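Report on one structure; see the data block that follows.
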Amino acid sequence: MTRPCFIANWKMNKTHKETEAFLHAFNRLSTKSPSDPADVLIAPPFTALSEAAKTLHEIKSDIGLAAQNVHNEKAGAFTGEISSDMLCALGCGSVIIGHSERRQLFGETNALIHRKLMAAQTAGLRPIFCIGESAEERQAGQTWAIIEKQLSEGLGADTLKVDFKEKISDWLIAYEPVWAIGTGQTPSPEETAEVHKQVGDFFAKRYETVPPRILYGGSVSEKNVEAFMKEKAIDGALIGGASLSVDSFFQIVALGARTKRQAAPAPNSR
Ligand code: PGA
């Protein structure tokens with residue numbers, strides 16, 4: 001079994017104190033009822049990363065820390081920006097890159113996303129690379145064309161170098177249809193799995209190696225997580241709104257990990 005992965009993307013929510021309280025509460029729930037094997041990550045705002053790292057260390061939690069964004073340069077005159085090295089120094093292991101809100105609201109292009117992906121990987125941060133089509137693109141039958149463009153332009157030729165190629169299997173890909181984010185609407189698990197298979201094949205063909213894990217994101221909740229996780233091609237979830245409540249996020253992880261274990265009862269460490 002591929003180890004499932006569940007990531008809380010808090011967007012612009014929670015102070016550092018609220019983050020600390022959330023992690024203590026999540027820890028209490030996990031101690032009371034341990035879940036099946038899964039990687040669990042939280043992506044709080046930049047201002048809460050340091051407190052989150054400290055709290056996770058104190059409670060000896062194996063929850064991983066992710067940032068929601070990163071600048072593509074190493075350092076310099078970029079007022080208001082944060083570098084990969086700064087995130088690594090805080091104990092952050094992963095970073096979300098190419099989220100549709102960054103693409104739509106902050107004008108991030110595939111070319112910029114490519115530079116960010118390279119900067120993160122070079123610094124030793126694992127990219128959580130987000131892709132997904134808009135409602136209009138889907139209606140026009142362009143879902144795969146858009147995703148393939150996001151993938152090939154985002155990855156670029158640099159990742160075909162031998163040293164990058166070796167690391168691709170460790171990346172996380174989040175397929176998030178734009179129209180499903182924060183709307184309560186989702187594609188069906190079967191439709192989602194079809195896209196995931198295409199993404200997996202794209203990686204397998206391009207890098208001739210084990211594809212990265214592919215997570216689904218967009219209105220995931222404790223009500224629908226099991227249906228998505230029953231699909232073999234869906235390796236986990238990126239959760240926005242429902243991850244703000246500790247009870248909901250805990251339920252999503254517990255139900256999602258259990259479904260994955262039941263679907264394939266021979267876990268390995270991937
Ligand atoms: P949502 O957000 O779960 O609130 O739809 C998902 C995301 O944007 O990552």
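The values are calculated or read from the model by the stated rules, or taken from the named source; none is laboratory data. In this text, all values refer to a predicted model and were calculated from it rather than measured experimentally. As a convention, Cβ positions derive from the backbone with ideal geometry for all residues, glycine included, and neighbour counts pool all protein chains shown. These area figures cover heavy atoms from the full protein model, side chains too; ligands, DNA and RNA do not enter into them. Shrake-Rupley method; radii C 1.70, N 1.55, O 1.52, S 1.80 Å.
A few points about this structure:
- Span from the segment 81-142 Cα centroid across to the segment 1-57 one, whole angstrom: 20 Å
- Over the chain, dividing the summed -39,500 (n - 2.57) contributions of all DSSP H runs of at least 4 residues by the number of residues returns a 222 nm mean residue ellipticity of -13500 deg cm²/dmol.
- DSSP beta bridge pairing in segment 117-270, given as percent antiparallel to the nearest 5: 0 percent
- For a modelled paramagnetic label at ASP62, 7 Å from Cα along Cα-to-Cβ, no residue of segment 125-141 is in reach, as no backbone nitrogen comes under 14 Å.
- Residue ranking by accessible heavy-atom surface, 1.4 Å probe, largest first, among THR143, THR2 comes out as THR2, THR143.
- Percent breakdown of C-alpha pair distances by 10 Å bin, ordered from the shortest bin, for segment 200-252: 24, 43, 22, 11, 0
- Residues of type lysines that LYS165 reaches as a straight line, Cα spacing below 29 Å, ignoring anything fewer than 8 places off in the same chain: LYS74, LYS116, LYS149, LYS197, LYS205, LYS232, LYS260
- Extension reserve of the ASP158-TRP144 stretch, reckoned as 0.36 nm per residue once the Cα distance is removed: 2.8 nm
- LYS223-LYS17 pseudo-label distance in nm [points 7 Å out on the Cα-to-Cβ vector]: 3.4 nm
- Among HIS99, PRO177, ALA38 the positive-end extreme of the charge dipole of the chain (Cβ point charges): ALA38
- Whether segment 4-48 is rounded, prolate or oblate, judged on the alpha carbon gyration tensor where a/c under 1.5 counts as rounded: oblate
- Within the accessible area of the chain (1.4 Å probe), percent carbon and sulfur: 53 percent
- With protein chains left intact and a 1.4 Å probe, residues in segment 1-155 average 46 Å² of accessible area per residue.
- Cα-based shape type of segment 149-218, given that a ≥ b ≥ c are square roots of the gyration tensor eigenvalues and the cut on a/c is 1.5: prolate
- Shape category assigned to segment 1-152 from the gyration tensor of Cα positions, a/c cut at 1.5: oblate
- Taking GluC sites (Glu not before Pro) across segment 121-186, the ones in a DSSP loop with at most 11 further Cβ atoms lying within 10 angstrom of their Cβ are GLU166.
- The charge dipole of segment 108-238, taken about its Cα centre with unit charges on the Cβ atoms of Lys, Arg (+1), Asp and Glu (-1) only, comes to about 360 debye.
- Cα pair distances in the chain, grouped into 5 Å bins until the bin that holds the longest one, percent each: 1, 6, 13, 18, 20, 18, 13, 7, 2, 0, 0
- Taking a straight line from the alpha carbon of LYS161, these aspartates and glutamates sit under 18 Å away, with near neighbours fewer than eight places off in the same chain left out: GLU153, ASP170, GLU208.
- Residue of ILE97, ILE146, ILE128 that the Gaussian network model of the chain assigns the largest fluctuation, springs spanning Cα pairs under 10 Å: ILE146
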